[in-house]
Amino acid sequence: MERLNLKETPLEERPREKMKRLGPGALKNHELMAVILGKGSRKEGVIERAMRIVDQYRNWDLLRGQSVQELQASLDLPFTQACQVAAVFELGKRLFKETDEIFLSSPKSVFNYSRSMASLKKEHLKGLYLDTRNKLVREEIISIGTLNSSPAHPREVFQPAIESSCAAVIIVHNHPSGDPTPSELDIALTKRLAQAGKLLEIPLLDHVIVAKKGFVSLKEMGVIE
């Protein structure tokens, strides 16, 4: 993996500055982890370390039965940072128990889950990743665009689904204008992602646009077969 030096990252793209500017919801998982860790080492920058931890956490069930010492050894962390990560995991387990499952089985349920995006000043494109029962197992901010656009490549949309062995994907983005009517670019992007999903056998179930005036489902519009 290419060495990731925080000092070489533009100031506005560093996790803390990005959180201050856009809010915590705009940060990717590894960026949130970098904020928690605070710093890296001479051999491993904080961003690089955060990406490694998030990747390993996705593949291991670290919340079950791991002591701080075991976590320290598993993730090759100093004791203090192992305590920080363990505390975050435990807090998350307490606040969001496994019984609080989220099912996204209709455009309305997607809108209800994502309606807070309507107040964002820039377009945010988010991927919602589901299992075979349409239970949400992961979500990712795919891109943050300008006032009028939020470009995305199929690779960026489907890579998290492949990594997490998800069965299907829903994408959702906001229109800061307040009008959820899809643009030609929205329709073209949806068709492109739906085609990519067919090739990968990870179907794109819907593309929901949320705005202050409501929401639109491109599946209901017939854009997705």
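Kindly provide the set of residues from the stretch 161-182 that are part of a helix (DSSP H, G or I), modelled with pLDDT of 90 or more and more than 25 Å from Gly222 (Cβ to Cβ), ordered by number. It would help to see each step written out before you state the result.
Filtering the stretch 161-182 down to residues part of a helix (DSSP H, G or I) leaves 161-163.
Filter once more, keeping what is modelled with pLDDT of 90 or more: 161-162.
Ile162, the sole residue that qualifies.
Of the numbered criteria (1) surrounded by 17 or more Cβ atoms within 10 Å (Cβ to Cβ); (2) farther than 22 Å from Asp55 by Cα; (3) not aromatic (Phe, Trp, Tyr), the one Glu220 fails is (1).
Could you please tell me which pairs satisfy a Cβ distance under 8 Å, a separation of 6+ or placement on different chains, a first residue in the stretch 36-49 that is in the same structural domain as Glu17 (by TED's automatic domain parsing) and charged (D, E, K, R), and a second residue that is part of a loop (DSSP other than H, G, I, E, B) and exposed (fewer than 15 other Cβ atoms within 10 Å of the Cβ)? From the stretch 36-49, the pairs are Glu48/Met1; Glu48/Arg3; Arg49/Ser41. Restricting attention to the stretch 196-208 and to residues that are over 21 Å from Phe103 (Cβ atoms) and in contact with a strand residue (DSSP E or B) (Cβ under 9 Å, 6 or more places away or on another chain), the residue that is surrounded by the fewest Cβ atoms within 10 Å (Cβ to Cβ) turns out to be Lys198. Only residues that are among the aliphatic types (A, V, I, L, M) and at pLDDT 85 or above: list them for the stretch 86-104, please. Correct list: Ala87, Ile102, Leu104. Just one of the listed residues (Leu128, Leu147, Leu185) is among the hydrophobic types (A, V, I, L, M, F, W, C), modelled with pLDDT of 95 or more and either assigned to a strand (DSSP E or B) or over 27 Å from Ile36 (Cα atoms) (or both), namely Leu128.
Within the stretch 59-82, is there a residue that is at pLDDT 85 or above, closer than 30 Å to Ala118 by Cα and either among the small types (Gly, Ala, Ser) or surrounded by fewer than 18 Cβ atoms within 10 Å (Cβ to Cβ) (or both)? Looking for residues that are at pLDDT 85 or above, closer than 30 Å to Ala118 by Cα and either among the small types (Gly, Ala, Ser) or surrounded by fewer than 18 Cβ atoms within 10 Å (Cβ to Cβ) (or both), one finds none in the stretch 59-82, hence no. Considering the stretch 188-225, and only residues there that are of a type in the set (D, E, K, R) and not in a loop (DSSP other than H, G, I, E, B), the residue that is farthest from Gly145 (Cα to Cα) turns out to be Lys198.
The values are calculated or read from the model by the stated rules, or taken from the named source; none is laboratory data. Worth saying up front: this structure is predicted, and the values here are computed from it rather than measured. Positions of Cβ are backbone-derived with ideal geometry, glycine not excepted, and every protein chain shown enters the neighbour counts.
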